[in-house]
Amino acid sequence: AIIYLISNPKLGAHKIGVAGAAKHNERLKKHAQQGWTVYRHKEFKKGVDAFNIEGRILRWLRYQKNLPPFLSIEQMPQAGWSETVDASAIELSSIWAKVQEFSKVKR
């Protein structure tokens with residue numbers, strides 16, 4: 001599986017997500033069709049590891065950075081609205097640094 005970080009300048013949003021490694025091109029392709037571009041992605045041997053890191057990133061964004069979901073269901077017909085944040089409130093590099101940090105810590 002992979003964890004990915006994408007951004008959409010038109011919507012002013014960033015999104016963290018997880019996809020199966022075999023299908024990640026399809027998942028990311030759907031996002032690309034809606035104007036999203038990939039900032040970074042990281043592959044994991046176990047999908048559960050990617051899923052757990054995504055959860056930790058979302059908790060960090062919501063509770064430590066106080067950033068609620070930014071987009072609505074209607075703005076993301078391809079799904080994933082609940083993993084979005086306001087791009088003006090946090091840099092992609094800051095989010096990715098947390099992905100890297102959480103990838104090194106065993107819990």
Item to complete: Provide the descending list of Cα extents for the chain along its principal axes, expressed in whole angstroms.
Response: 36, 33, 20
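How much length is gained if the chain between Lys10 and Tyr63 is pulled fully straight, taking 0.36 nm per residue apart and subtracting their Cα-Cα distance, in nm to one decimal?
On the way: separation 53, 0.36 × 53 = 19.08 nm, distance 2.59 nm.
Full-extension gain reported as 16.5 nm.
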Discussion item. Using the crude model of +1 on Lys and Arg Cβ and -1 on Asp and Glu Cβ, and no other charge, please compute the dipole size for the chain relative to its Cα centre, in debye to 20.
Written reply: 400
Practice prompt. With a point put 7 Å past each Cα toward its Cβ, work out how far Asp86 is from Phe51 in nm, to one decimal.
Written response: 3.2
Worksheet item: Can you pull the Rg over Rh of segment 4-57, Cα-only, Kirkwood?
Response: 0.97
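If I compute solvent accessible area with a 1.4 Å probe over the protein chains, what percent of it on the chain is carbon and sulfur?
Values: 3270 of 6400 Å².
Carbon and sulfur: 51 percent of the exposed surface of the chain.
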Item to complete: Using the charge dipole of the chain (Lys, Arg: +1 at Cβ; Asp, Glu: -1 at Cβ; taken about the Cα centre), state which of Ile2, Ile95, Met76 has its Cα farthest towards the positive end.
Response: Ile2
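When ligands, DNA and RNA are left out and all protein chains stay put, how many square angstrom of accessible area per residue does the chain have with a 1.4 Å probe? Let's see the in-between values first.
On the way: 6400 Å² over 107 residues.
Per residue, the chain has 60 Å² of solvent-accessible surface.
The values are calculated or read from the model by the stated rules, or taken from the named source; none is laboratory data. Note that this is a predicted model, so its numbers are computed, not measured. Cβ sites come from the backbone with ideal geometry, for glycine too, and all protein chains shown count toward neighbours. Just the protein is used for accessible areas: all its heavy atoms, side chains included, with ligands, DNA and RNA removed. Shrake-Rupley method; radii C 1.70, N 1.55, O 1.52, S 1.80 Å.
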